[in-house]
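The values are calculated or read from the model by the stated rules, or taken from the named source; none is laboratory data. Remember, it's a predicted structure, so these values are computed and weren't measured experimentally. Backbone-built Cβ (ideal geometry, glycine too); neighbour counts: all protein chains shown.
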Amino acid sequence: MHKFILLVYRWQIYNFFFIKTLKQSSFLSKKNIYLLAIESSCDDTSAAIIKDGEIISNRTANQDIHSIYGGVVPELASRQHLSNIIPVIDTCLKDADIEVGDLDAIAFTRGPGLLGSLIVGVSTAKGMAMALDIPLIEVHHMHAHVLAHFATENKPPFPFLCLTVSGGHTQIVQVNSFTDLIILGTTIDDAAGEAFDKTGKMLGLPYPAGPVIDQLAKEGKNVYPFPEPQVTDLDFSFSGLKTSILYFLQKETKNDPDFIKNNLNDICCSVQTTIVEILIKKLIKASKKTGIHHIAIAGGVSANHFLRQRLIETGENLGWQTYIPPFSLCTDNAGMIGITGYYRYLEGLFSDQSVTPLSRMEF
């Protein structure tokens, strides 16, 4: 890890002089606000260029190596970020047809996430901001998932509720402004995305299993009832559900070794239906409690087709105005970091060079 950090800072020192030269030679107009955004919280290395609050370039380098291990390996993720981050940034700048000297600020994911992965993104952002003498803007990864909606044409008005579901988080957030976000409910143990992935592992599906389960469920039926966790108020729990799925599969395969193979689609449909109904019921409760009828979803699991369908159906039945992000803004990407960074830029919410990555970060 020490060699890895040293390589990042060598890159910073080298580019301090190189980028300074580019900045001094830039004669382009500064009528527009350009932000570079960097996202490296897990296994995707992403960069984006934001122009006046609009994403004009958004590139992501994925890491396929983790599929071999059935989950993200932190050390491997860090090394891949180190290899990918400069080419991804360079490609984004070329896509946007600007030079580094045209940038007005750099937004980056400070946390939460894998510490080694975050170090690469944070160190790169700090090095470039120092060389360019422009502001640093730290962004909370989960804030960014919520505010990704402001990169779309169908922008929700304040206040609105957002169900944010990913591999590591499940939250219901009340969004009062671009910088005032309040968690109304969160998972007390495992997240919905983890429940999908762990179920997929039990079924022998490739990682990440969520999209695979989503596809298989389309051909299946909801015939296997699984218990819904009894959690008070607006919080979530998926640990018990994972255990019940495990015991169910162990019992059925003991009687029929080919049970999973012969009933895979129905199993996937039943698991997916259970998870989605848990999420929707909590959303309904949150809407009744707050009186808010503008409802959004965000995060990697918001790409799930059944969740989208159930949100639309529920919205039509209850008179909600619903907001669903495009698939490109559901998974981890720098575009959402840049949109969040842009609104923080307008409010002057900057960080200094002492900022460090946080694997756990207060919302």
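Determine, yes or no, whether Gly127 is under 24 Å from Ser354 (Cα atoms), in contact (Cβ under 8 Å) with a residue 60 or more places away in the chain and part of a loop (DSSP other than H, G, I, E, B).
Answer is no for this residue.
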| task | Have a look at Ile49, Ile89 and point out the one that is modelled with pLDDT of 95 or more, under 22 Å from Pro326 (Cβ atoms) and under 22 Å from the mean Cα position of the chain (by Cα). | result | Ile49
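Return yes or no: is Thr109 in the same structural domain as Leu35 (by TED's automatic domain parsing) and part of a helix (DSSP H, G or I)? Before you say what the answer is, go through the steps one by one.
On the way: in the same structural domain as Leu35 (by TED's automatic domain parsing): yes; part of a helix (DSSP H, G or I): no.
No; evaluated as a whole, the condition is false for this residue.
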| query | Just for the range 189-222: of the residues that are under 15 Å from Ile245 (Cα atoms) and of a type in the set (Val, Ile, Thr), which one is surrounded by the most Cβ atoms within 10 Å (Cβ to Cβ)? | reply | Ile213
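If you go through the range 97-106 one residue at a time, do you hit one that is under 30 Å from Pro208 (Cβ atoms) and either at pLDDT below 85 or not aromatic (Phe, Trp, Tyr) (or both)?
First pass over the range 97-106, keeping only residues under 30 Å from Pro208 (Cβ atoms): 106.
Now drop any that are not either at pLDDT below 85 or not aromatic (Phe, Trp, Tyr) (or both), which leaves 106.
So far as the range 97-106 goes, yes, one or more of its residues are under 30 Å from Pro208 (Cβ atoms) and either at pLDDT below 85 or not aromatic (Phe, Trp, Tyr) (or both).
Quick check: anything in the range 223-237 part of a helix (DSSP H, G or I) and either aliphatic (A, V, I, L, M) or in contact (Cβ under 8 Å) with a residue 40 or more places away in the chain (or both)?
Our first condition is that a residue be part of a helix (DSSP H, G or I); within the range 223-237, this holds for none.
The answer is no; no qualifying residue exists.
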| note | Of all helices (runs of 4 or more DSSP H) fully inside the range 244-352, the set with 3 or more residues that are of a type in the set (Lys, Arg) is 259-290
| request: Output the number of the condition that Thr124 fails; it satisfies all remaining conditions of (1) touching a Gly at 6+ places or on another chain (Cβ under 6 Å); (2) modelled with pLDDT of 95 or more; (3) hydroxyl-bearing (Ser, Thr, Tyr). | output: (1)
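Can you tell me which residue is nearest to Arg308 (Cα to Cα) among those in the range 194-222 that are aliphatic (A, V, I, L, M) and part of a loop (DSSP other than H, G, I, E, B)?
Kept after step one, since they are aliphatic (A, V, I, L, M), are these residues of the range 194-222: 195, 202-203, 205, 209, 212-213, 216-217.
From what's left, part of a loop (DSSP other than H, G, I, E, B): 203, 205, 209.
On the way: Leu203: 24, Leu205: 23, Ala209: 18 Å.
Checked the range 194-222; the qualifying residue nearest to Arg308 (Cα to Cα) is Ala209.
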| said: I'd like to know if the range 132-152 contains one or more residues that are within 16 Å of the chain's Cα centre (by Cα), surrounded by fewer than 20 Cβ atoms within 10 Å (Cβ to Cβ) and at pLDDT 95 or above. | reply: yes
| request: Looking only at the range 18-33, decide whether some residue is assigned by TED's automatic domain parsing to the domain that holds Tyr342, modelled with pLDDT of 85 or more and closer than 23 Å to Gly335 by Cα. | output: yes
| said: Just to be sure before I move on: is Gly300 small (Gly, Ala, Ser) and either surrounded by fewer than 20 Cβ atoms within 10 Å (Cβ to Cβ) or at pLDDT below 95 (or both) in the structure I sent? | reply: yes
| query | What are the residue pairs meeting all of these: first residue in the range 77-104, first residue free of Cβ contacts under 8 Å to residues at least 40 places away in the same chain and assigned by TED's automatic domain parsing to the domain that holds Ile49, second residue outside any helix (DSSP H, G or I) and hydroxyl-bearing (Ser, Thr, Tyr), Cβ atoms under 8 Å, and 6 or more apart or on different chains? | reply | Gln80/Thr45; Asn84/Thr45
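Of all residues being among the acidic types (Asp, Glu) and farther than 26 Å from Ser123 by Cβ in the range 311-363, which is farthest from the chain's Cα centre (by Cα)? Just the residue, please. Show your work before the answer.
We begin by selecting, within the range 311-363, every residue among the acidic types (Asp, Glu); these are 313, 316, 332, 347, 352, 362.
Next, from what is left, pick out any that are farther than 26 Å from Ser123 by Cβ: 313, 316.
Numbers: Glu313: 25, Glu316: 27 Å.
So the residue we want is Glu316.
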| task | Tell me, yes or no, whether the range 61-82 has at least one residue that is at pLDDT 95 or above and on the phi > 0 side of the Ramachandran plot. | result | no
| request: Please tell me if Gly70 is in a loop (DSSP other than H, G, I, E, B) and not aliphatic (A, V, I, L, M). | output: yes
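Name the one entry in Leu249, Leu234, Leu203, Leu216 that is of a type in the set (A, V, I, L, M) and either at pLDDT below 95 or within 22 Å of Ala296 (Cα to Cα) (or both). Steps first, please.
Values: Leu249 fails: either at pLDDT below 95 or within 22 Å of Ala296 (Cα to Cα) (or both); Leu203 fails: either at pLDDT below 95 or within 22 Å of Ala296 (Cα to Cα) (or both); Leu216 fails: either at pLDDT below 95 or within 22 Å of Ala296 (Cα to Cα) (or both).
Among Leu249, Leu234, Leu203, Leu216, only Leu234 is of a type in the set (A, V, I, L, M) and either at pLDDT below 95 or within 22 Å of Ala296 (Cα to Cα) (or both).
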| When both residues are 6+ apart or on different chains and their Cβ atoms are under 6 Å apart, which pairs have a first residue that lies in the range 132-157 and is within 10 Å of Arg344 (Cβ to Cβ), and a second that is part of a loop (DSSP other than H, G, I, E, B) and of a type in the set (Val, Ile, Thr)? | Glu138/Val355
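Given the structure, is Leu118 touching a residue at least 40 places away in the same chain (Cβ under 8 Å) and either part of a strand (DSSP E or B) or basic (Lys, Arg) (or both)? Give the derivation first.
Working: touching a residue at least 40 places away in the same chain (Cβ under 8 Å): yes; either part of a strand (DSSP E or B) or basic (Lys, Arg) (or both): no.
The answer is no for Leu118.
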